[in-house]
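The values are calculated or read from the model by the stated rules, or taken from the named source; none is laboratory data. Computed from a predicted structure; not experimentally measured. Backbone-built Cβ (ideal geometry, glycine too); neighbour counts: all protein chains shown.
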Amino acid sequence: MHRLFISDLHLSEQTPSIETGLNDLITRERGVESLVILGDFFEAWVGDDDDAPLALRAKELLRRVSLAGCEILVCRGNRDFMLGEQFAADIGGTLLADVTAMEIAGAPALVLHGDTLCTDDADYQQFRTLVHSPDWQAEMMEKSIGERRELALQLRALSIDAASNKAEDIMDVNTAAVAKLMSEHNVATIIHGHTHRPARHTLAAGERIVLGDWTDQRGWLLRENGGDLSLEHFNLSH
């Protein structure tokens, strides 16, 4: 299996170089059999009926990848938590659960966005529970797209303000939460994004691999090729 894992592109109209970088990656990696997107593909997602130009371009790109025979798996992040089954259908992909078990490099592993592991950030976990609830999302979908876009901007501003007042370690994963999740699922490898701290961490139970966030200058991916895993970064063209 030749598979790529990416996360935290935070695509928006304000990040054209990241969108270009994604297109370049897709062109370079035409032989890849599976693309796994572990959350925050978009900076914001206001619902699967989003008809913004960026949303349409991104869906068309992923649809082309799918039609070329590449499996696409997508999980929700803390920015694009409104992604739904219609989005998955539109791109010819599969929407993953918050935590998904899969065989990676010949062994059982877990993939997830990673925000659920930041258990020290109690305020965020309370917010996450709210916005992931079916009732809250149904109420949001009753609003117009314009109203939802305005709300997304407000939530982003509140998030930036809240993060500026939190200690760095609070916004990282809780090691006990990681160990507990790996034990519950009996896996030795866990792969996630969210924290923007790319690294490969050796643990008593195995390994935790953290994907990097994309910037105007650099993109990140984890490559699975046969039995090998490599965490890679690459420059984005301008």
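A few points about this structure:
Here is a yes/no grid of residues against (1) in contact with a Gly (Cβ under 8 Å, 6 or more places away or on another chain); (2) without any contact (Cβ under 8 Å) to a residue 24 or more places away in the chain:
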{"position": "S17", "(1), (2)": "no, no"}
{"position": "L25", "(1), (2)": "yes, no"}
{"position": "R28", "(1), (2)": "no, yes"}
{"position": "G31", "(1), (2)": "no, no"}
{"position": "V36", "(1), (2)": "no, no"}
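- In summary, R156 fulfils each of the numbered conditions (1) without any contact (Cβ under 8 Å) to a residue 60 or more places away in the chain; (2) within 20 Å of the chain's Cα centre (by Cα) with the single exception of condition (1).
- Residue within region 104-111 that is loosely packed, with under 14 Cβ neighbours inside 10 Å, under 27 Å from A68 (Cβ atoms), within 17 Å of the chain's Cα centre (by Cα) and not hydroxyl-bearing (S, T, Y) present: no
- Filter result for the condition that a residue is crowded, with 16+ Cβ neighbours inside 10 Å, touching a strand residue (DSSP E or B) at 6+ places or on another chain (Cβ under 9 Å) and within 27 Å of I72 (Cβ to Cβ), over D115, D90: D115
- Residue selected from region 118-163 under the condition under 30 Å from L4 (Cα atoms), among the hydrophobic types (A, V, I, L, M, F, W, C) and in contact with a helix residue (DSSP H, G or I) (Cβ under 7 Å, 6 or more places away or on another chain), by the criterion surrounded by the most Cβ atoms within 10 Å (Cβ to Cβ): C118
- If you filter region 67-77 down to residues that are surrounded by fewer than 21 Cβ atoms within 10 Å (Cβ to Cβ) and within 13 Å of the chain's Cα centre (by Cα), you find that the one that is farthest from H192 (Cα to Cα) is I72.
- M171 falls short on exactly one of the conditions (1) crowded, with 18+ Cβ neighbours inside 10 Å; (2) modelled with pLDDT of 90 or more; (3) hydrophobic (A, V, I, L, M, F, W, C), and that condition is (2).
- Test result for A88, among the small types (G, A, S) and more than 12 Å from the chain's Cα centre (by Cα): yes
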